Amino acid sequence: MIALMLADLRARRRSLAAIGIGCFVVLIAFASTYTAFGGAQGVMRAFGASGSFQKIIAALSGSPTADIYTASGWLGYCFSHPIVEFLMIGVAVSSGVAAVATDVETGRAEMLYTAPVSRSTVLAARLLGWLIAQGAVLACLVAGAVLGSRLSSAMSGVSPLVPVRVGLQFAALLYFLGAAAFAASARSRTRGTALAVAIGVAAGSYAANLVALLWSPVGFVRHLNPFGYYNSTAAAQHVNWPDLGLLVSAGTLLLMLSRHWLETRDLT
């Protein structure tokens, strides 16, 4: 199991390193813009204290309202920027899709998923490899936020725990989306099908949550998708443990379902 996990990580080391460095640099750049705007007053002048644009900014952070004027709120908002979410979710989706569907499509499944190695063992190796890769990239993201806040004079008073709290809340969302990708992969016969389902879940949930926050008649929809349980600006103040626990529990159920599908499906 360890050999398979290490082989997968070695095969992806360049892409993971590029994503990790990208996240690190992006967070430093985003944190520095708070000082460039001139702190809280500058951000308020640039974006306004109320109005439709401020509502859009709040929706992008995953909440009806978002305090991006304080240094900690701005740093938390950086974690929900579309560029950051695209990079991080990309790691989760690509790892899950490659777990089973790619093996079936290429014919490697007949060699990998054979006795004496159980199918569950191979899946566990792929799952562990994903968690290590995702954790490493997320650590780069948090490190970039910490360093960026230290380099920004307007953010010098922000506690290093702020990006840690937001990163922990973000990790729960990534865990769920990664688990959904594993489930899609365990059920699909081709990589394209699994990728379409995984991206559909992630992009569809993001869009549904955004619409629900901007249009009150469908506000209930945000409680029916994973992005409704991730609020980066609020996490800058405190971790929402019930939301985190719900996403982790739902993700774990999806992984259990993935194992069941893998054990009972035909891999030829």
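The values are calculated or read from the model by the stated rules, or taken from the named source; none is laboratory data. These numbers were taken from a predicted model, which means no experiment stands behind them. Backbone-built Cβ (ideal geometry, glycine too); neighbour counts: all protein chains shown. Keep in mind that these areas ignore ligands, DNA and RNA; they rest on the heavy atoms of the full protein, side chains included. Shrake-Rupley method; radii C 1.70, N 1.55, O 1.52, S 1.80 Å.
Along each of the three principal axes of the Cα atoms of the range 1-156, give the extent in whole Å, ordering the values from largest to smallest.
Sorted largest first, the three principal extents are 65, 31, 19 Å.
Can you compute the charge dipole magnitude of the chain about its Cα centre, using +1 on each Lys and Arg Cβ and -1 on each Asp and Glu Cβ, nothing else charged? Give it in debye, rounded to the nearest 20.
Dipole of the chain, to the nearest 20 debye: 260 debye.
From the protein chains alone at 1.4 Å, what is the descending order of accessible area for Met5, Met44, largest first?
From most exposed to least exposed: Met44, Met5.
Apply the Kirkwood formula to the range 158-216: the hydrodynamic radius equals the inverse of the mean of 1/r over all pairs of different alpha-carbon atoms; give it in Å with one decimal.
13.3 Å
Taking only the C-alpha atoms, wrap a convex hull around the chain and report its volume per residue in Å³ as a whole number.
Value for the chain: 116 Å³ per residue.
Over all pairs of distinct alpha carbons, what does the Kirkwood formula give as the hydrodynamic radius of the range 157-259, in Å?
Details: mean 1/r = 0.0688 Å⁻¹.
Hydrodynamic radius (Kirkwood, Cα only) of the range 157-259 equals 14.5 Å.
How big, on average over all directions, is the shadow cast by the Cα convex hull of the range 60-126, in nm²?
The orientation-averaged projected area of the Cα hull of the range 60-126 comes to 6.5 nm².
Could you let me know the centre-to-centre spacing of the range 137-183 and the range 233-256, using Cα atoms, in angstrom?
Here the answer is 14 Å between Cα centres.
For the full complex of protein chains and a 1.4 angstrom probe, list Glu263, Glu110, Glu85 by accessible area with the highest value first. Don't jump to the answer; show the numbers that get you there.
Working: Glu263 80, Glu110 115, Glu85 10 Å².
Largest accessible area first, the residues go Glu110, Glu263, Glu85.
For the range 73-173, what D do you get in µm² per second when you plug the Kirkwood radius from alpha-carbon pairs into Stokes-Einstein at 4 °C and 1.567 mPa s?
Stokes-Einstein gives a translational diffusion coefficient of 83 µm²/s.
Could you work out [θ]222 nm for the chain from helices alone, using -39500 (n - 2.57) per DSSP H run of at least four and dividing by all its residues? Round to the nearest 500 deg cm²/dmol.
Per the formula, -24500 deg cm²/dmol.
Classify the range 103-235: rounded, prolate or oblate, from the alpha-carbon gyration tensor (a ≥ b ≥ c, eigenvalue square roots; a/c under 1.5 rounded; otherwise prolate if a/b is larger than b/c)?
Numbers: a/c = 3.18, a/b = 1.48, b/c = 2.15.
The shape class here is oblate.
Given a 1.4 Å probe, how much area per residue of the range 23-177 is accessible, in Å²?
39 Å²
Which percent of the accessible heavy-atom area of the chain goes to carbon and sulfur, probe 1.4 angstrom? Walk me through the numbers on the way to the answer.
Values: 8400 of 11970 Å².
The C+S portion of the solvent-accessible surface of the chain is 70 percent.
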